[in-house]
Amino acid sequence: MQTWIERQEEIAALARKQLFFIGGAPRSGTTWVQQILDQHPEVSCRGEGLFQKQLAEPLEAMMKARAEVLTAKNTSLFGHTGGFPLPAQDDVEFLLGTAMLLALRQVCADKACRAIGEKTPENVFFFPRLKQLFPKAKCIAIARDPRDVLTSAWHFFHKPAAGEDETAAKFAFIRLALPSLDQGARTTIELAERHPADCMTITYEKLRRTPELIVSNMFRFLNVSDASNIVADCVARTSFAALTGGRQAGTEQNGAFFRKGVAGDWGSTLTPEMNDLVLRELGWMFPHFGWKP
């Protein structure tokens, strides 16, 4: 077992590497991007670390509770001496950064990497804080036509109820999702404006249409090799057929994590009235990302 000092030195070295975080709306292609990047021989990017929900928020609650208990003890028993010091304001950030680096250390344990990353869809909201923790970190955000996002989410998440009105259920599902889709897109655009050199936004549609070009751009963004043979291999290993065990893109399997693998299929699930609702609420983002209403 490593000593505490040895482990600290190891994660400090890891912090100096190119760290990156992937985010975007659920069902927009974040896992596909993560899989592509993890295939690169100089990159490691696995699963979802859930750093915000499972590390940042519990650490904040824990340190708040510790400060409250210490304050009560200091007041009731040690008023004459001042008691024990309360946690410093940046203690949570230090502990959070350390916990994240320990997790990322496991991600790249079996691979000599120049870039180490993590994918959680909500990272687009968490990135400003990640940027404070790791100033040289980069963010890759993926955007997808919200109608296709809603279609994919409906078939993956919705569990039909006996006797339900499917059309009414779809409208309710869409209305519930629209605010977060709007906020996510606005946050993605704001991130790119605030950190133009460290944020890259791609779209699902362009990744499907010209995968080699987009993948090559991502590799250059992370300062790893974009040699044509590496790009081609990563694209081939993460094709829809490769990720589904042979099912071809366009062959639908509702409930599967990789459902259909196509763009523009929302018309098979959403009605014209549903489309009108989405365009009223989210139409502003279509020109920005290059989608056709």
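Here the range 45-202 was treated as a single set of alpha-carbon atoms; its pair distances binned every 5 Å from 0 give 1, 7, 13, 14, 13, 13, 11, 9, 7, 6, 3, 2, 1, 0 percent. With semi-axes defined as the square roots of five times the eigenvalues of the C-alpha gyration tensor, the equivalent ellipsoid of the range 211-293 measures 30, 21, 8 Å, largest first.
Per-residue Karplus couplings for the range 242-247, computed as 6.51 cos²θ - 1.76 cosθ + 1.60 with θ equal to phi - 60°, are listed in order as 5, 7, 10, x, x, 6 Hz, Gly and Pro entered as x.
Note that the range 224-239 has calculated 3J(HN,Hα) couplings of 10, 4, 10, 4, 4, 5, 5, 4, 4, 5, 5, 5, 5, 5, 10, 5 Hz, one per residue in order, obtained from phi through the Karplus relation 6.51 cos²θ - 1.76 cosθ + 1.60 (θ = phi - 60°); glycine and proline are x. Across the chain, the volume of the C-alpha convex hull divided among the residues equals 189 Å³ per residue. Rounded to the nearest 500, the helix-only mean residue ellipticity at 222 nm of the chain stands at -17000 deg cm²/dmol, with each DSSP H run of n ≥ 4 adding -39,500 (n - 2.57). Residues in the range 185-197 carry Karplus couplings, in order, of 5, 5, 5, 4, 5, 5, 4, 5, 6, 7, 10, x, 7 Hz; the curve used is 6.51 cos²θ - 1.76 cosθ + 1.60 with θ = phi - 60°, and Gly or Pro positions show x.
Between the amide H of residue 46 and those of 117, 119, distances stay under 5 Å, these residues lying 5 or more places away or on another chain, with hydrogens modeled in the peptide plane. Taken along the Cα-to-beta-carbon direction at a fixed 7 Å, the label points for residue 243 and residue 156 span 0.9 nm.
A straight Cα-to-Cα reach below 18 Å connects residue 206 with the lysines 260, 292, residues fewer than 8 places away in its own chain not being considered. Distant-in-sequence amide contacts of residue 138, defined by a placed amide H-H separation under 5 Å and a gap of 5 or more residues or a different chain, comprise 19, 20, 21. Simple spin-label estimate for residue 2 and residue 77 gives 3.6 nm between the two label positions (7 Å along the Cα-to-Cβ direction from each Cα). Amide H to amide H, with H built 1.01 Å from N, residue 262 comes under 5 Å of 250, counting only residues 5 or more places away or on other chains. Debye sum, Cα scatterers, the range 85-140, no solvent: what log₁₀ I/I(0) at q = 0.15, 0.22 1/Å? Once normalised to I(0) and log-transformed, intensities are -0.51, -0.97.
Under a Gaussian network description of the chain, with springs only between Cα atoms under 10 Å, the residue in 229, 254, 217 that fluctuates furthest is 229. For the range 28-79, the Cα gyration tensor yields ellipsoid semi-axes of 44, 11, 5 Å (square root of five times each eigenvalue, largest first, whole Å).
Taking Cα centroids, how far is the range 1-31 from the range 243-293 in Å? Comparing the Cα centres of the range 1-31 and the range 243-293, I get a distance of 32 Å.
Values in this text are rule-based calculations from the coordinates and carry no lab data. As the structure is a prediction and not an experimental result, all values here were calculated from the model. Heads up, the Cβs are rebuilt from the backbone with ideal geometry, glycines too, and the neighbour counts pull from every protein chain shown.
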